[in-house]
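Below is one structure. I have some questions about it.
The values are calculated or read from the model by the stated rules, or taken from the named source; none is laboratory data. What you see is a predicted model; the values in this text were computed from it and never measured. Here the Cβ positions follow ideal geometry from the backbone for every residue, glycine too, while neighbour counts run over all protein chains shown. Quick note on the areas: whole protein, heavy atoms, side chains included, nothing else; ligands and nucleic acids left out. Shrake-Rupley method; radii C 1.70, N 1.55, O 1.52, S 1.80 Å.
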Amino acid sequence: MRALVVGASGQLGGHLLAELRRAGHLAVGTFQRHPRPGLCALDLEEEEALAAALRDVEPDVVFLPAGWTWVDGNETDPERADRLNAALPLRLAARAVARGARFVAFSSDYVFDGAAGPYREDDPPGPLNAYGRAKRRLEEGVLALGEAGLVLRTSTVYGPELQGKNFVYQLVRRLRAGEAVQVPSDQVASPTYGPDLAVATLGLVERGASGLWHAAGPEAMDRASFARAVCAEFELDAGLLRPLPTAALGQKARRPLSAALDSSRLRALGLRIRGVREGLSAMRRALVEGSWACP
Ligand SMILES: NC(=O)c1ccc[n+]([C@@H]2O[C@H](COP(=O)([O-])OP(=O)(O)OC[C@H]3O[C@@H](n4cnc5c(N)ncnc54)[C@H](OP(=O)(O)O)[C@@H]3O)[C@@H](O)[C@H]2O)c1
């Protein structure tokens, strides 16, 4: 397979690129603001550059982990949220499919209102915030591509990464500095080990899958419990955690409270995303052994 990974400097994109190459595929990755050796510069806003990338790489599959992932930022600028997380990705998708490529996009548990999780793929979405609305529009556009379109909905991605900015990194850094950290006690999601998500994505693509798939870890877990698991794995003082209800946190964007994802369709294919204890332990090992960012 020839693959183009748009957003390979990010968390999931880094794992996708590594996994594609490990599996023997030809894969080209891109960055926007965080250059890495071996990655090409590409901005979704630059139409000519997108056309050139497709022409040069001639991908069979375009993976788009790129996006504007700051949920509260999306809320303050919903137009930018829609442009970066829906309109520009869909323009790229149309170009890719017109050249005969398949297109793989990533969506979020935030397309749900969080009233009744865990959610399956056929449960009705009802986003509460601008990020979730843009992701839903992305989903609809990619699903309209038919067999050429694949959407994976995921949740709370963690693991070793290039930029070191996911929740686990932030928590480890702040707790090691002796800082007290507020964590929501009532936001339930499905923490997802990033390297497994990359393997599952590739597994779906290799099986010729299209349509909508939930791809998240097996537990429905609130953020405070996840933070306590991080403390246990990284030997940090859980006494510094300050669990608070979402209503007391003053977050700009509304959050779905019970938004875990049911990924049993994925598991039925033999594609497994490990649970939190196993994932955190693998992350710690990878940080020691690998070339990822360290907290
Ligand atoms: N992380 C989660 O918990 C989570 C949960 C649910 C869904 N998702 C979805 O999963 C996907 C991957 O998430 P992630 O955590 O890997 O994100 P991430 O680490 O924030 O990476 C985002 C990537 O997008 C690139 N990018 C941003 N703006 C761009 C632009 N205008 N043009 C081209 N590239 C651009 C970034 O490049 P530079 O860094 O080089 O600027 C980076 O490579 C996203 O679609 C996200 O919405 C993530």
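Which of (1) away from the ligand (no atom under 13 Å from the Cβ); (2) touching a strand residue (DSSP E or B) at 6+ places or on another chain (Cβ under 9 Å); (3) within 24 Å of L138 (Cβ to Cβ); (4) not in a helix (DSSP H, G or I) does P256 not meet, given it meets every other one?
(1)
Just checking, which of P35, P59, P89 is in a helix (DSSP H, G or I), out of contact with any Phe, Trp or Tyr (no Cβ under 6 Å at 6 or more places or on another chain) and of a type outside the set (S, T, N, Q)?
Values: P35 fails: in a helix (DSSP H, G or I); P59 fails: in a helix (DSSP H, G or I).
After ruling out the rest, the residue left standing is P89.
When region 141-174 is examined, which residues are found to be under 30 Å from R95 (Cα atoms) and of a type in the set (D, E, K, R)?
Selection gives E147, R153, E161.
The rows are residues; the columns are (1) basic (K, R); (2) buried (at least 17 other Cβ atoms within 10 Å of the Cβ); (3) closer than 29 Å to Y193 by Cβ.
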{"position": "A8", "(1), (2), (3)": "no, yes, yes"}
{"position": "H15", "(1), (2), (3)": "no, yes, yes"}
{"position": "R36", "(1), (2), (3)": "yes, no, yes"}
{"position": "A49", "(1), (2), (3)": "no, no, no"}
{"position": "A52", "(1), (2), (3)": "no, no, no"}
{"position": "A81", "(1), (2), (3)": "no, yes, yes"}
{"position": "L92", "(1), (2), (3)": "no, yes, yes"}
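Could we say that R228 is under 14 Å from R284 (Cα atoms) and surrounded by fewer than 20 Cβ atoms within 10 Å (Cβ to Cβ) here? Can you show your working first?
Working: under 14 Å from R284 (Cα atoms): no; surrounded by fewer than 20 Cβ atoms within 10 Å (Cβ to Cβ): yes.
In short, no.
Something else about it: So if I check each of D262, D196, which one is more than 17 Å from F167 (Cβ to Cβ) and open to solvent by 10 Å² or more (accessible area, probe 1.4 Å)?
Values: D196 fails: more than 17 Å from F167 (Cβ to Cβ).
Being more than 17 Å from F167 (Cβ to Cβ) and open to solvent by 10 Å² or more (accessible area, probe 1.4 Å) holds for just one of D262, D196, which is D262.
Of the residues L50, L92, which single one is within 12 Å of the ligand (Cβ to nearest atom) and more than 21 Å from the chain's Cα centre (by Cα)? Talk me through it step by step, then tell me what you get.
Details: L92 fails: more than 21 Å from the chain's Cα centre (by Cα).
On inspection, the qualifying residue turns out to be L50.
Which residue, of G7, G14, is in contact with a helix residue (DSSP H, G or I) (Cβ under 6 Å, 6 or more places away or on another chain), near the ligand (Cβ under 9 Å from one of its atoms), under 16 Å from E161 (Cβ atoms) and not in a strand (DSSP E or B)? Explain how you work it out, then say what you get.
Details: G14 fails: in contact with a helix residue (DSSP H, G or I) (Cβ under 6 Å, 6 or more places away or on another chain).
Selected residue: G7, the only one of G7, G14 that is in contact with a helix residue (DSSP H, G or I) (Cβ under 6 Å, 6 or more places away or on another chain), near the ligand (Cβ under 9 Å from one of its atoms), under 16 Å from E161 (Cβ atoms) and not in a strand (DSSP E or B).
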